[in-house]
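Written below as structure tokens is the structure these notes are about.
The values are calculated or read from the model by the stated rules, or taken from the named source; none is laboratory data. Remember, predicted model here, so these are calculated numbers, not experimental data. Because the Cβ atoms are built from the backbone with ideal geometry, glycine has one as well, and the counts that use them run over all protein chains shown. Quick note on the areas: whole protein, heavy atoms, side chains included, nothing else; ligands and nucleic acids left out. Shrake-Rupley method; radii C 1.70, N 1.55, O 1.52, S 1.80 Å.
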Amino acid sequence: MEDFFPNKPLVVVSNREPYIHNRVNGQIQAMRPAGGAANAVDSVVRACGGIWFAHGSGDADREVVDKNDCVQVPEENPEYTLKRIWLTQEEVKGYYYGFANKALWPLCHLAYAKPSFEEKEWRIYQKVNRKFADAIIKYLDGRDAFVWIQDYHFALLPRYLREANPNLSIAQFWHIPWPSPEQFRICPKGEEILQGLLGNDLMGFHIVYHCNNFIHTVNSVLESRVDWEKNTMIFQGKETLVRAFPISVDFEAISGDTDKEDVVNLSKEMKKEYRLDCPNIVFGVDRIDYSKGIPERLMAIDRFLESHPAFKEKVIFVVAGAPSRMKLAIYRNVNREIDRLVEEVNQKHKTKNWCPVIFIRRTLTRTEILAFYRLANVCIVSPLHDGMNIVAKEYVSAKNDLNGVLILSKFTGVAREYKRALQINPFDVDQFANSIKVALEMDEKEKHSRMRELRKITRSNNVYHWALSIMQQLVTL
Ligand code: F6P
């Protein structure tokens, strides 16, 4: 992959950094973020090199950078440069917690949370996008580059970069869904956001449906022209190609690592630690976000045990959740709701020797997640709405013995590829509960045939294929 950018440097931009340095018990540790996107992009940048600009959010981040605020990563075998951008508390509040996560996140996810648009937060969002643009322009010092922007934190960045250097090749990948024009209409800053994004040469989404929503939104808001043959939008003379690129995982790495000794040993230890001596382990792991359908999953578990008490003591549900965005009330509320439901389900169904739900509220390490994938004969991925969902693809990659069933929300991007997962509507508690029974009772032949097919899809459409398609497209524009 390193041959892809022979003459121009690759510049990646994201809010969340791929390595976060924190002090743990007095020692500096490099941590990986909970979300899948930064990890997916990291695999790619490691393969092709470059520089990655991100918000330095770790409490020890400043201690490990050089005089240019750069650190070489990963520490044990440096492959690229991470350039940290420092934000004040006020900037983080207005840009990250504010406009990005109180306005754009609920605007783009159909999870029935009302977006809130504050002028002050918008101004800070503009300021932070400008700050990143200035840092990139300063670093490039007039050179051309391929700039690859991640996500909804930077809707204005492509235009700012384009204005400063019209020759840059700029692509942006929007990791979350794009709403319908009807939903988008309520955004008071809609025009500025779209003008910002049309500074890109290439605008990528996970699925064609989101591309079409985007094109229709632009068409209804801006004086622009669509070339439906080429799937491009022309605004003020600038052409932007809009295309779907379904993100994926490093299939071979996950598959290989799951059978390594450390994971195998850890899965044995965890079996003891969590007392998972039960014929069925049903696992789920998410960032704790109201869009992920965790309360809905607990309600389905309750309904399942209510309707099928014969399964008591025969199954344990491990629900792992990484705390996220806890400064926002809506995230604290979903955490409280989860606690209440876990307590309720356990009180209602537990027996002398068995408790149905184990809730783990922390960011699991990669090794722990792989160990749980090994142990789980069922994995539940139940978002109310999700751009893609990487957990589904990780679980499939880890099931080398084919002995696993994936229960998957049909409102995830991955549901378009994974037709043979057990698809559910997380809002339909009875159907969801019944799917748990179907998964637990599925015969081996059926299980293996479904998993074999899901693995085949993921093996060929892996994260390198995703990145390569974006890069191939960008270099030919
Ligand atoms: O899925 C969208 C996304 O922004 C990802 O890019 C990221 O992995 C995830 O959400 C995590 O969010 P945050 O960085 O706010 O913790």
| query | Each residue of segment 120-131 in turn: what ³J(HN,Hα) in whole Hz from Karplus with 6.51, -1.76, 1.60 and θ = phi - 60°, glycine and Pro shown as x? | reply | 5, 5, 4, 4, 6, 4, 4, 4, 6, 4, 5, 4
| Considering only C355, H465, A155, whose Cα is most displaced toward the positive end of the charge dipole of the chain, charges sitting on Cβ of Lys, Arg (+1) and Asp, Glu (-1)? | C355
| request: Filter the trypsin sites (Lys or Arg not before Pro) in segment 158-219 to those in DSSP coil with at most 16 other Cβ atoms within 10 Å of their Cβ, and list the result. | output: R185
| query | Amide H of N200: which non-local residues (sequence gap of 5 or more, or other chain) have their own amide H closer than 5 Å, using H built in the peptide plane? | reply | none
| said: Can you give the local net charge around Q150? Use residues other than it whose beta-carbon is closer than 15 angstrom to its beta-carbon, Lys and Arg +1, Asp and Glu -1. | reply: -1
| query | Is any residue of segment 96-114 close enough, with backbone N under 20 Å, to a label point placed 7 angstrom from the Cα of E163 along the Cα-Cβ axis, and if so, which? | reply | 99-100
| query | Between R287 and residues 5 or more places away or on another chain, which pairs have amide H atoms under 5 Å apart, with H built 1.01 Å from N, and which residues are they? | reply | A322
| task | State, as an integer percentage, the relative contact order of segment 285-355 based on alpha-carbon contacts under 8 Å between residues 6 or more apart. | result | 48 percent
| query | Expressed as an acute angle from 0 to 90° and rounded to the nearest 10, what is the orientation of the C-alpha long axis of helix 429-441 relative to the principal long axis of the chain? | reply | 70 degrees
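Of all beta bridges DSSP finds with both residues in segment 251-460, what is the antiparallel percent, to the nearest 5?
5 percent
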| Between Q89 and E223, what FRET efficiency comes out of the Förster formula 1/(1 + (r/R0)^6) with R0 = 60 Å and r the beta carbon distance, rounded to 0.05? | 0.95
| field | Projected label distance in nm at Y209 and Q27, using a 7 Å step from Cα toward the beta-carbon | value | 4.6 nm
| remark: Over the chain, the sum of -39500 (n - 2.57) across DSSP H runs of at least four, divided by residue number and rounded to 500 deg cm²/dmol, gives at 222 nm -12500 deg cm²/dmol
| query | Out of the DSSP beta bridges found with both residues in the chain, what percent are antiparallel (nearest 5)? | reply | 25 percent
| said: Please give the Cα centre distance for segment 327-404 versus segment 56-121, rounded to the nearest Å. | reply: 26 Å
| remark: Where a ≥ b ≥ c are root eigenvalues of the Cα gyration tensor, a/c under 1.5 meaning rounded, otherwise prolate if a/b exceeds b/c and oblate otherwise, segment 395-453 counts as oblate
| request: For segment 222-270, run through the trypsin sites (Lys or Arg not before Pro) and keep only the ones in DSSP coil with at most 13 other Cβ atoms within 10 Å of their Cβ. | output: K230, K260
| said: Report D for segment 251-460 in µm² per second (integer): Stokes-Einstein, Kirkwood Rh on Cα pairs, 10 °C, 1.306 mPa s. | reply: 93 µm²/s
| field | Helix 294-307 vs. the chain, principal-axis angle (Cα, 0 to 90°, nearest 10) | value | 20 degrees
| field | Loop GluC sites (Glu not before Pro), segment 207-245, which have at most 11 other Cβ atoms in a 10 Å radius of their Cβ (DSSP) | value | E223, E229
| Links that overshoot a 21 Å alpha carbon limit, given the list K102/K138; K93/K131; K292/K410; K272/K456; K272/K447 | K102/K138; K272/K456; K272/K447
| Placing +1 at every Lys and Arg Cβ and -1 at every Asp and Glu Cβ, with all other atoms neutral, what dipole size does the chain have around its Cα centre, in debye to the nearest 20? | 760 debye
| said: Please give the Cα centre distance for segment 187-203 versus segment 254-296, rounded to the nearest Å. | reply: 40 Å
| message | Give me a comma-separated list of calculated 3J(HN,Hα) values for segment 273-285, in order, Karplus coefficients 6.51, -1.76, 1.60 applied at θ = phi - 60°, integers in Hz, x for any Gly or Pro. | response | 4, 8, 6, 8, 7, 8, x, 10, 10, 10, 10, x, 9
| said: Among 452-461, 350-359, how do they line up by average Cβ neighbours within 10 Å per residue, starting with the highest? | reply: 452-461, 350-359
| task | Rounded to whole Å and ordered largest first, report the semi-axes of the equivalent ellipsoid of the chain derived from its Cα gyration tensor (root of 5λ). | result | 38, 24, 22
| remark: One finds, for E453 and T476 with R0 = 41 angstrom and r their Cβ-Cβ distance, a FRET efficiency to the nearest 0.05 of 0.80
| message | Can you tell me, using C-alpha contacts under 8 Å and at least 6 residues apart, the relative contact order of segment 251-460 as a whole percent? | response | 26 percent
| task | Taking just the C-alpha trace of segment 230-277, give me its Rg and Dmax in Å. | result | 22.8, 64
| request: Rounded to whole Hz and in sequence order, give me ³J(HN,Hα) for segment 140-152 from the Karplus expression 6.51 cos²θ - 1.76 cosθ + 1.60, θ = phi - 60°, writing x for Gly and Pro. | output: 6, 6, x, 6, 6, 7, 9, 10, 10, 9, 9, 6, 7
| In percent, what relative contact order does the chain have, based on Cα pairs under 8 Å that are 6 or more apart in sequence? | 13 percent
| query | What's the extension gain from E63 to E252 if we count 0.36 nm per residue and subtract their Cα-Cα distance? | reply | 64.6 nm
| note | So the carbon and sulfur contribution to the accessible area of the chain, 1.4 Å probe, in percent, is 47 percent
| query | What is the helix-to-structure angle for 208-221, meaning the angle in degrees between its Cα long axis and the longest Cα principal axis of the chain, kept from 0 to 90 and rounded to the nearest 10? | reply | 40 degrees
